[in-house]
């Protein structure tokens, strides 16, 4: 049960780190383009909103992953319990 949870927790942690790194790079590029004059203020604000929406989607996916990790751990625990009941 714990192995199942640890494996899933590692996936969640990896995905979260990916999201943070990706958004950090994206925000840096957007800001760089704005500062250099390649983006107007409107383009800059639009890109920021798009990035925010993307991050919200990623956070929803992260919540699903966390719930799945808990579900997998509970199922593994139930499997152990069922085996114990069959032995008794």
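Only one of (1) touching a residue at least 60 places away in the same chain (Cβ under 8 Å); (2) within 15 Å of the chain's Cα centre (by Cα) fails for residue 59. Which number is that? All conditions are met except number (1). For the range 71-88, the set of residues classified as within 30 Å of residue 21 (Cα to Cα) and out of contact with any helix residue (DSSP H, G or I) (no Cβ under 8 Å at 6 or more places or on another chain) consists of 71 only.
Please enumerate the residues belonging to the range 30-44 that are in a helix (DSSP H, G or I) and surrounded by 12 or more Cβ atoms within 10 Å (Cβ to Cβ). 30, 31, 33, 34, 43, 44 - these are the residues of the range 30-44 that are in a helix (DSSP H, G or I) and surrounded by 12 or more Cβ atoms within 10 Å (Cβ to Cβ).
Of everything listed in (1) assigned to a helix (DSSP H, G or I); (2) free of Cβ contacts under 8 Å to residues at least 12 places away in the same chain; (3) surrounded by 11 or more Cβ atoms within 10 Å (Cβ to Cβ), the single unmet condition for residue 47 is (2).
None of the figures in this text is laboratory data; all of them are computed from the coordinates on show. These numbers come from a predicted model, not from an experiment. No Cβ is skipped: glycine too gets one built from the backbone with ideal geometry, and neighbour counts run over all protein chains shown.
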